[in-house]
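K.L.:
The following block contains the structure, expressed as structure tokens.
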Amino acid sequence: MINLIPPYGGRLVDLLVASEERYELGYMPTAAPLDSPLDACEQRDSRGLYAKARRGEIKGLTGIDDPYERPLNPEITLDTALHTAEENSRAILEHLLGRGFIRDQGTSLPGTDAIST
């Protein structure tokens with residue numbers, strides 16, 4: 001799992017599907033964009049990048065002086081304003097179960113029921 005902030009929605013596919021070798025190795029990327037309001041991103045910014053961008057100290061920060069385009073056809077979207085980190089984690093696990101990347105072993109995460117297919 002990697003964290004990307006691709007500002008241009010159409011580029012997300014290009015970033016995930018960089019080479020045919022990945023498919024030959026069985027790697028099937030899943031786009032899971034985080035849907036988070038800009039003010040929430042700014043509140044969570046522990047490094048102060050948004051404040052620096054607003055002061056003009058850094059350029060090209062997505063959402064401030066560089067546009068953000070939602071991915072065109074994401075397989076799953078994680079809404080960080082409406083759902084907790086645990087709920088979004090469960091959504092990721094359920095998605096991975098549904099795609100066959102992981103199997104249910106009857107275990108459960110703290111605060112959740114056992115994941116089932």
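Each reported figure results from applying straightforward, stated rules to the coordinates on display, with no laboratory input. Just so we're clear, the structure is a prediction, and the values are computed from it rather than from any experiment. Backbone-built Cβ (ideal geometry, glycine too); neighbour counts: all protein chains shown.
K.L.:
Quick one: which residues, 5+ away or cross-chain, put their amide H under 5 Å from the amide H of ASP35? H built at 1.01 Å from N.
P.N.:
For ASP35, whose amide H was placed from the backbone, the distant partners under 5 Å are LEU78, ASP79, THR80.
K.L.:
Taking the Cβ-Cβ separation of SER46 and GLU75 as r and a Förster radius of 30 Å, what is the calculated FRET efficiency to the nearest 0.05? Could the numbers behind the result be given before it?
P.N.:
Values: r = 29 Å, r/R0 = 0.96.
Computed FRET efficiency for SER46 and GLU75 comes out at 0.55.
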